[in-house]
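Report on the structure given below.
The numbers here are math on the coordinates, done by the rules we state, and not lab data. Quantities reported herein were computed from a predicted structural model and do not represent experimental measurements. Note that we place each Cβ from the backbone using ideal geometry, even for glycine, and neighbour counts take in every protein chain shown.
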Amino acid sequence: MARPKNIVVTGANRGIGLELVKQLITKFNPDNIFATYRDPENSKDLLQLASQNGNLHAVILDVRDTDKYADFVTNVESTTQGAGINLLINNSGFFNKENNTSLSQLDKADLMYHFEINTLAPMMLTKAFLPLLEKGSKANGSQPLGIGRAAVLQVSTNMGSIGDNTSGGAYGYRISKTALNQASKNMSLDLLPKGILVIPLHPGWVKTDMGGSNALITTEECVTGILSVLENLNEDTNGHFMRFDGKEALW
Ligand SMILES: NC(=O)c1ccc[n+]([C@@H]2O[C@H](COP(=O)([O-])OP(=O)(O)OC[C@H]3O[C@@H](n4cnc5c(N)ncnc54)[C@H](OP(=O)(O)O)[C@@H]3O)[C@@H](O)[C@H]2O)c1
C-alpha cells in the first residue's frame, strides 16, 4: 500500500478536514501531518487530537494570508528534515449561502471572497509547496506515481460542474470551484513531469456546517471514500475530476 509519509491538510478543524486528519492518521500513520486551523476556540477537537498524536502538528493559517505561506513551508521543511511532502490536501472552502444566490444579489466583494478562498488559495499554496512536493516525489522515486510519491488533492464540488448544473444560482461558490477545477487540470499536466499528480474531487453532499443536516453522507463515509480514491490515484486518473465514491464527476 502506498503510504504518504508527510501530509498537509488545510481547514482541518471541523467538517471534512477534521475527519481527513483522523482517518489519515489511522490509515497511514504518517511521519508528520500538518493540519491548519484559524481559531483555537472552534478547533478544540483538532487541538486535542494533536495533543494525543506526536506526528500531528496543528498550524494556524488563514488561507487568504498568502504572505504567511513561506513561513508555513519553512516550518514544514524543517520538521520533515528534507524529506519533502507526499500529499497536499487543499480542503478549506467557503460557501456564502446568504448572498450571491441570484444574479440580482451579486456582490463584488463577496464574489472575490469566494475566489480568494476556493480558487486562489489552493493555487498559491500548491505553488508554495511545489519544492517540497518535488522533494517528496524524488525521495520516493522507486515507488509508482501517486500518494507514495507526491500528490495534490483539490477539494472541489459538483456545484462547480458545468455539465451537472441544472439549478443555477450560488454564483460565487459555483464559479470559484469551476475555476479551481480548471486550475487543477492545468496543474495535473504541468506537474506530471515533476512526478506530482493532481486531482480535483467532489466529496459528496456531506453532513457538515456547509453541507447541512439534510446532506446524504456522513464525514466518515465521505473520507473513507476519498482515501480509497487517493490510494488508487495513478497516472491514468491524474487530472480527472473524481468523486468520493471512485466514479468520475462531470466537468
Ligand atoms: N459539505 C458538503 O456537502 C460539501 C460538498 C462539496 C464540496 N465541499 C467542499 O469540502 C470542503 C470542506 O467543506 P466542509 O463541508 O467540511 O465545510 P465546513 O464544515 O464549513 O468547513 C470549512 C472549512 O474551511 C475552513 N476555512 C474557511 N475559510 C477559511 C480561510 N479563510 N482560511 C482557512 N480555512 C478556512 C474552515 O475553517 P474555520 O472553522 O476557521 O472557518 C473549515 O475548516 C470545502 O472545500 C467545500 O467546498 C463540501
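In the stretch 169-190, the residue that is surrounded by the fewest Cβ atoms within 10 Å (Cβ to Cβ) out of those that are more than 17 Å from the chain's Cα centre (by Cα) and in contact (Cβ under 8 Å) with a residue 40 or more places away in the chain is L189. Restricting the stretch 120-158 to residues that are part of a loop (DSSP other than H, G, I, E, B) and over 17 Å from K194 (Cβ atoms), the residue that is farthest from the ligand (Cβ to nearest atom) is S156.
Residue check: is D245 assigned to a loop (DSSP other than H, G, I, E, B) and more than 24 Å from S43 (Cα to Cα)? So D245 passes the test. Among the residues here, I117 does not qualify as buried (at least 16 other Cβ atoms within 10 Å of the Cβ), near the ligand (Cβ under 10 Å from one of its atoms) and in a strand (DSSP E or B).
Anything in the stretch 140-157 that is surrounded by fewer than 18 Cβ atoms within 10 Å (Cβ to Cβ) and either touching a residue at least 24 places away in the same chain (Cβ under 8 Å) or under 22 Å from the mean Cα position of the chain (by Cα) (or both)? List them, or say none. G141, Q143, P144, listed by residue number. P193 satisfies every condition listed in (1) at negative phi; (2) part of a loop (DSSP other than H, G, I, E, B); (3) more than 16 Å from the ligand (Cβ to nearest atom); (4) surrounded by fewer than 19 Cβ atoms within 10 Å (Cβ to Cβ) except (2). Selection of the stretch 198-251 for residues being touching a residue at least 40 places away in the same chain (Cβ under 8 Å), more than 13 Å from the ligand (Cβ to nearest atom) and at positive phi yields only G239. Checking each residue in the stretch 196-237 for being among the small types (G, A, S), surrounded by fewer than 22 Cβ atoms within 10 Å (Cβ to Cβ) and farther than 23 Å from M1 by Cβ picks out G211, G212, S213, A215. In the stretch 23-41, the condition of being surrounded by 13 or more Cβ atoms within 10 Å (Cβ to Cβ) and more than 18 Å from the chain's Cα centre (by Cα) is met by at least one residue.
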